[in-house]
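J.: Next up is a structure, given as structure tokens.
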Amino acid sequence: MKKILLLGSGELGKEFVIAAKCAGQYVVACDRYDNAPAMQVADEREVFSMLDGDALEAVVKKHHPDIIVPEIEAIRTERLFKFEEEGIQVVPSARAVNYTMNRRAIRDLASKELGLRTAKYFYAKTFDEFKKAADEIGFPCVVKPLMSSSGHGQSYVHNDDELEQAFREAMEGSRGDVKEVIIEEFIDFDSEFTLLTVTQQHGWPTLFCPPIGHVQKGGDYRESWQPYKISDEALKQAQIMADKVTKALTGAGIWGVEFFLTKQGEVIFSELSPRPHDTGMVTLGHTTNLSEFELHFRAVMGLPIADIRLEHAGASAVILSPSDCSIDSPLSYNLDDALKEPCTRVRIFGKHDAHRGRRMGVTLCYGDVNDDVNVLRDKAKRLAATVLGTDPYMKK
């Protein structure tokens, strides 16, 4: 048995804890607020800001974990190097977490050091720098905080008149104390996809899940499906890029590597997360023989993964909150209408507080391997709308 310290206790962390508990491990779940989803299934909990380095060190000293598993971006990541030097396993590695929590580091690694094809980009700390970068890139362009998640602070800019608001939203949407934005060339892509990539211990080979198609709105995932149809050549390109960047970052675990597929069939590296990916929740519908959370757990523990194979076609769609709510005025979930249909599952995350448009759950629909994923996508979105009465594509 290992003691695992989970930094961040959202819905992805909750599924990881479930996988760990199924194998008899001991988990301490941490977050900035109490009773977060992963805390509800963990052995112990700690409530503190992980941007407070001293508080983070105090929790590590208190619990003496064997393994630290970061699940969110807002962590004092430089402290992880010290923990690693002390013999604590950091997942995938302190280097990986430190790089990927900041878009500057990971983008420069991918583009400048590894030579991967990415969108053209610039950084800006001031509005004047931002305006100059926009003039260089042209319109439309994409603006993001250097440190954020779930689309916070991200926007598309179509002309000069929208620049000031986009810059302000990116700065305000930044997580942590990094106040800088990245402005990117807009890629006229045909679709986006995630390649879940599993790096292993003991010199075992890197593994890839079947690619997952997804749609984002405002930088946040709304639906995903597996398998995602892609040519063998394009898939090979993506696998080569994913292998290069994960090897450079080092460590064992699952990585959510995102790509654009252009209308000309070119594969372009977009972003990378060193942990289970929200689009990969579709695997909870048994699309693959092991879910992304089970794969992450096995890789973290150094356990064998005999194979990864597609067992069902499947689709997921998010369940969004229709309004602000709290534990004193909870939402009313209608599971009957969704679950009366076959080959359907629903995950409710257990968030006690919500704002309009917050992700509160997900529907999962699946069928035979060769079933039409577009039919499954329509079904997942339709059923998601029955749970809280909100369309997965509603405006937040």
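J.: Quick check: at a probe of 1.4 Å, how many percent of the accessible area of segment 346-393 sits on carbon and sulfur atoms? Don't jump to the answer; show the numbers that get you there.
T.: Numbers: 930 of 2060 Å².
Carbon-and-sulfur percentage of accessible area, whole number: 45.
J.: While we're looking at this one, here's another question. Work out the charge dipole of the chain with +1 on the Cβ of Lys and Arg and -1 on the Cβ of Asp and Glu about the Cα centre, then indicate which of Tyr333, Phe193, Pro140 is farthest towards its positive end.
T.: Towards the positive end, the residue furthest out is Tyr333.
J.: Radius of gyration and Dmax for the chain's Cα atoms, expressed in Å?
T.: When restricted to Cα atoms, the chain yields Rg and Dmax of 20.2, 58 Å.
J.: Counting heavy atoms of the protein chains only and a 1.4 Å probe, report the per residue accessible area for the chain as a whole number of Å². Mind showing how you got there, number by number?
T.: Details: 16350 Å² over 396 residues.
I get 41 Å² per residue for this part.
J.: Over 25 Å between C-alpha atoms is what I'm after, so list which of Lys120/Lys236; Lys82/Lys247; Lys125/Lys247 land there.
T.: On the way: Lys120/Lys236 23 Å; Lys82/Lys247 21 Å; Lys125/Lys247 30 Å.
With Cα atoms farther than 25 Å apart: Lys125/Lys247.
J.: Further question on the same structure: Determine the order of Leu249, Leu114 by accessible area, beginning with the largest, at a probe radius of 1.4 Å. Don't skip to the end; give the middle numbers.
T.: Working: Leu249 0, Leu114 50 Å².
The ordering from most to least exposed comes out as Leu114, Leu249.
J.: Still on this model: With a ≥ b ≥ c taken as the square roots of the eigenvalues of the C-alpha gyration tensor of segment 171-222, please select rounded if a/c is under 1.5 and otherwise prolate if a/b is larger than b/c or oblate if it is not?
T.: Numbers: a/c = 2.64, a/b = 1.46, b/c = 1.81.
Note, shape of segment 171-222 comes out oblate.
J.: Let me ask you something else. For Glu46, which sequence-distant residues (separation of 5 or more, or a different chain) have an amide H within less than 5 Å of its own amide H, given hydrogens modelled in the peptide plane?
T.: Correct list: Ala29, Cys30, Asp31.
J.: Now a separate question. Rank Ala134, Ala23, Ala119 by mean-square fluctuation in a GNM of the chain with C-alpha springs under 10 angstrom and give only the top-ranked residue.
T.: Ala23
J.: Please compare each pair in Lys132/Lys179; Lys21/Lys179; Lys21/Lys381; Lys14/Lys263 to a cut-off of 28 Å on the Cα-Cα distance and tell me which ones are over it. Mind showing how you got there, number by number?
T.: Numbers: Lys132/Lys179 18 Å; Lys21/Lys179 38 Å; Lys21/Lys381 31 Å; Lys14/Lys263 37 Å.
Violating the 28 Å limit, Cα to Cα: Lys21/Lys179; Lys21/Lys381; Lys14/Lys263.
J.: Mind ranking Lys229, Lys132, Lys217, Lys61 by accessible surface for me, highest first, 1.4 Å probe? Working shown, then result.
T.: Working: Lys229 185, Lys132 155, Lys217 70, Lys61 130 Å².
Heavy-atom accessible area, descending, gives Lys229, Lys132, Lys61, Lys217.
J.: Still on this structure, please answer the following. Taking springs between alpha-carbon atoms closer than 10 angstrom, which of Ser191, Ser111, Ser329 fluctuates most in the Gaussian network model of the chain?
T.: Ser329
J.: Which FRET efficiency, nearest 0.05, do Asp353 and Asp378 yield, Cβ-Cβ r, R0 35 Å? Mind dumping the intermediate values first?
T.: Numbers: r = 31 Å, r/R0 = 0.89.
The pair Asp353/Asp378 has a calculated efficiency of 0.65.
J.: With springs connecting C-alpha atoms under 10 Å apart, model the chain as a Gaussian network and identify which of Thr206, Thr250, Thr126 has the largest mean-square fluctuation.
T.: Among Thr206, Thr250, Thr126, the largest mean-square fluctuation in the Gaussian network model of the chain belongs to Thr126.
The values are calculated or read from the model by the stated rules, or taken from the named source; none is laboratory data. Being a predicted model, the structure only gives us computed values, none of them experimental. Here Cβ is always computed from backbone atoms with ideal geometry, including for glycine, and neighbour counts include all displayed protein chains. Only protein heavy atoms, including side chains, enter the accessible area calculation; ligands, DNA and RNA are left aside. Shrake-Rupley method; radii C 1.70, N 1.55, O 1.52, S 1.80 Å.
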